[in-house]
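The values are calculated or read from the model by the stated rules, or taken from the named source; none is laboratory data. Because the structure is predicted, anything quoted here is derived from the model rather than measured. All Cβ positions, glycine included, derive from the backbone under ideal geometry; neighbour counts span all protein chains shown.
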Amino acid sequence: MTYPDKHALLSWARHYPDLWNAGDKQAWIDNWQSVATGDFRMLDPVGTPEKQGFKSCCEDSWDLFQPRVRFRIQPGTLFVCANEVAWCLENHFESQDGPQVQYSLETYQFGENSSVNIRTYYRVPAHDNENLGDIFQDYLPENAKGI
């Protein structure tokens, strides 16, 4: 099996934030499965323990983050080169000081066996951070002081 073509990867990427923001978990999962049904591996972010499997890489993240974080791919930052996708993602959330945005750089490498390797780069908040620290207590329990 070959990796998804550019059209399929662009379609997946364009639907990714829309389905997330709509809160449609099954459609978001189906979108993922349109381009990858094999092995999932993720460094989220790079420098933390690797996550493996669709549940750990995608569904667990949905359950923790989706209720509070909205996504937007920053215009002009979506790149599809062969079997790889990269973007700068705006992560929008509410804080005590009003709306906030944090950025993450994300790369996705799709394999010929329907696998995907995900690498993200962002500042991890400390567990005592009043905005998202409580989520990261569950998501990255070993990084109490953030990264």
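Some points to look at:
- Considering residues of region 85-135 that are charged (D, E, K, R) and modelled with pLDDT of 95 or more only, the residue nearest to the chain's Cα centre (by Cα): GLU106
- ILE118 meets all of the listed conditions (1) β-branched (Val, Ile, Thr); (2) in a loop (DSSP other than H, G, I, E, B); (3) under 26 Å from ALA8 (Cα atoms) but one, namely (2).
- PHE110 vs. criteria among the aromatic types (Phe, Trp, Tyr), surrounded by 14 or more Cβ atoms within 10 Å (Cβ to Cβ) and closer than 20 Å to ASP60 by Cα: no
- Cβ-Cβ contacts under 8 Å between residues 6 or more apart (or on different chains), taken from a first residue in region 60-81 that is more than 22 Å from ARG41 (Cβ to Cβ) to a second residue that is β-branched (Val, Ile, Thr) and outside any strand (DSSP E or B), are listed as ARG68/ILE135.
- Region 13-42: number of residues that are aromatic (Phe, Trp, Tyr) and touching a residue at least 60 places away in the same chain (Cβ under 8 Å): 1
- Meets criteria (among the polar types (S, T, N, Q), farther than 18 Å from HIS15 by Cβ and in a helix (DSSP H, G or I)) for SER61: no
- If the condition is being of a type in the set (A, V, I, L, M) and in contact (Cβ under 8 Å) with a residue 40 or more places away in the chain, then region 90-120 contributes VAL116, ILE118.
- Among (1) β-branched (Val, Ile, Thr); (2) over 12 Å from the mean Cα position of the chain (by Cα); (3) within 26 Å of GLU142 (Cβ to Cβ) - the single one THR2 does not satisfy: (3)
- Lone unmet requirement of (1) surrounded by 14 or more Cβ atoms within 10 Å (Cβ to Cβ); (2) outside any loop (DSSP other than H, G, I, E, B); (3) of a type outside the set (Phe, Trp, Tyr); (4) at pLDDT below 90 for ASP138: (1)
- Residues in region 30-56 that are at pLDDT 95 or above, buried (at least 16 other Cβ atoms within 10 Å of the Cβ) and not polar (S, T, N, Q): TRP32, VAL35, ALA36, PHE40, ARG41, MET42, LEU43, LYS51, PHE54.
- Scope region 67-92; condition in a loop (DSSP other than H, G, I, E, B) and surrounded by 16 or more Cβ atoms within 10 Å (Cβ to Cβ); matching residues: VAL69, LEU78, ASN83
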